[in-house]
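Here is the structure we will look at, set down as structure tokens.
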Amino acid sequence: MTNRFLEHTGAKYPIIQAPMGWIARSQLASAVCAAGGLGIIETSSGETDACKAEIEKMFELTDAPFGVNLPIMFLKDDAMLAYICDSGVKFVTTSAGSPSKFIGPLKEAGIVVYHAVPTVEAAIRWGWDGLIGLQGGFVGMEGFGASAPAEALYEHFGITADAVVEQALARV
């Protein structure tokens, strides 16, 4: 199987893990990568040093491709952008605002950029490599407000690599 997403990411399957704040860390992202999907490290928590450490941990846990999410409205400054451009990360998702000031530096660093948008026209207008639409499968929490250690949230909401694969197979 091949498609544009697989060519852009190097993942085995066209599965992209959501960048859930405080949950999408190296433990979950590396498990998704091991299952053939594209694991994503979140930065929406605003914990810049912790997120940098999780990105570094990903390079230790897997040789598989993975990405990082930059949620524009949650970033305090450009520190995470600068770090990602120098880190060796090859794939970034952007969300929660216009990534226009991020596209240039990310592209100059050779990073593929996808943005979570509602329409193809918006993606083309902004020059993204791809978009994350609203018609994919879903595994996990359907609202906001859960707070617990990540492992407890994974178990409670059924967030497992097997659940993600099941959702993907249902759409093939």
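No lab work stands behind these numbers, since they all come straight from the coordinates. Source: prediction; values computed, not measured. Backbone-built Cβ (ideal geometry, glycine too); neighbour counts: all protein chains shown.
Values computed for the structure shown
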| quantity | calculated |
| --- | --- |
| Cβ-based exposure ranking for LEU75, LEU38, in which fewest neighbours within 10 Å come first | LEU75, LEU38 |
| Residue-span extension gain [GLU60 to LEU6] - 0.36 nm each, minus C-alpha spacing | 17.2 nm |
